[in-house]
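A short write-up of the structure that comes next.
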Amino acid sequence: MLADIPFSSIDRGHLEELITRGVRENRRLDYKLALELEPREKMVEFLQDVVAMANADGGIIICGIDEGEGEDRGVATALPGMVGNVDGLSNLIDQITSDQIDEPVSVLHRDIQLGDSRFAYLVRVAASPLAPHMVANIKTSSARFYARANTSNQPMTARQIKETALRHGSAVERAAERIRERVAVLRHAATNRKTWNDEDDSPAQAILHVVPLFPDARGWNYADSAVAERLKRVLPFGYSQQHSGELAFTQHGAFERSLHRHTGFLRDGSLEFQQYDFVQVGVGQTGPVVVASSLENDIAAALESARKLSLDGHLPAPLLIQLHLSRVENTRLQYMPRGSAMVPVLAEPEVATEAFVLTDWSEENRVLRDLLDHLWQAWGAPSCGHFEDNGELMRFSVNGTRVIPAPVQRE
């Protein structure tokens, strides 16, 4: 199915295969001969398509593909493509999906060039944890709440609106419960390790989870060699370079791991980052410390890996993100790698941030900041002090000097 292919990997061959196989539209697949956003009525129709998929199971809209008539209505028959200003179309979609849908939904979109200045255009919509959504800020006499049903969009009844809200609320709770289960497993596994002072007890560990609210039914398709190779490129938590480049398989999933840390691709489609030994004890320090900048860099790098997996179609938004620290009692949070400024000693053995829902990767910096604010607040500080005025996280080298990173190349 097209939904199983990473969004950035879909090409002309995949679209032509729909025609060869005579694939019919369905609940998660919609064909359009053209993508028209003017006049206003056409824009409303497109927004209804987006809202209908976000309120149901998500899906993909393929523009520039023709379908049959009569009994073949809804069957892909040709790929004539479209002509026009691709950049202008892309910018307009960004604008109207942000401004004209209440609340914004997660939408990925891109063109596929077909030659002779013609192109097809793909729009992928994620099922939304904030559903039901409606078309907003546009005067229209038609219904504003829609859900995708078979091959068409149907106005939602009051009952459907209530049921949709309950369904998506349950998805958040299921994801939160999954995180609780995995944290308990990892804490139990830690009991056989030693603490920083070599006592027979569970050592400190940091655990970051990124869990899809509506994962693919198959989770990670490890048997697909292309998927396995893609997962191998994700670094273990806290590593700046590849460790082994191999996946270890268990009943829980596939793991790229080293002695002290791992990245796990759990069978339900979740992403798990874990590392031991992030609490440091050194000369001149007054007891064990958590170096804030080091842990922050690791968390930011992990979220960047998750973002790239999402853009490749392997980790569908919306996502629930939460950080857990264990065995951190009697530690201080040190602001800089070699700095002396520290907040008070932490009395509690565990730190758990709130679980944040990320509906679109344009919210990445906002979620990261909320996560780190909660981290600092556990030690009594009002907020994380390592953000630039533009919202970007500051980076520090191991000797405490500021690092000015190169601009991130967004995929």
| field | Inter-site label distance for Arg187 and Glu71 at 7 Å from Cα along Cβ, in nm | value | 6.2
| task | Report the equivalent ellipsoid semi-axes for the stretch 2-156 in whole Å, largest first, defined as the square roots of five times the eigenvalues of the gyration tensor built from alpha carbon atoms. | result | 24, 18, 15
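Can you figure out the FRET efficiency of Glu388 with Ser9, using R₀ = 35 Å and their beta-carbon distance, to the nearest 0.05? Present the calculation step by step, with values, prior to reporting the outcome.
Working: r = 34 Å, r/R0 = 0.96.
Computed FRET efficiency for Glu388 and Ser9 comes out at 0.55.
With a 10 Å Cβ neighbour count serving as the proxy for reagent exposure, in which order, fewest first, do Ser170, Ser310 appear?
Ser170, Ser310
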| message | Along the Cα→Cβ direction, 7 angstrom out, place labels at Asp277 and Glu304. What is the inter-label distance in nm? | response | 2.4
| remark: In nanometres, the difference between 0.36 nm per residue of separation and the alpha-carbon distance of Glu177 and Glu17 is 53.6 nm
| Extension gain (nm, one decimal) between Ser225 and Glu103, 0.36 nm per residue minus Cα-Cα | 40.2 nm
| request: Rounded to whole Å and sorted largest first, list the principal axis extents of the Cα atoms in the stretch 1-71. | output: 34, 27, 23
| note | For the stretch 361-378, Karplus-derived ³J(HN,Hα) couplings (6.51, -1.76, 1.60; θ = phi - 60°; whole Hz; x for glycine and proline) come out as 6, 5, 8, 4, 5, 5, 5, 4, 5, 4, 4, 6, 4, 5, 4, 5, 5, 4
| field | Glu348-Phe249 FRET efficiency (beta carbon distance; Förster radius 25 Å; 0.05 resolution) | value | 0.10
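Packing-wise, with mean Cβ within 10 Å as the measure, how do 218-228, 44-54 rank, highest first?
Descending packing order for the listed peptides: 44-54, 218-228.
Values in this text are rule-based calculations from the coordinates and carry no lab data. Only a predicted model underlies this, so the values are computations on that prediction, with no experimental measurement involved. Quick reminder, even Gly has a Cβ in these numbers, built from the backbone with ideal geometry, and neighbours come from all protein chains shown.
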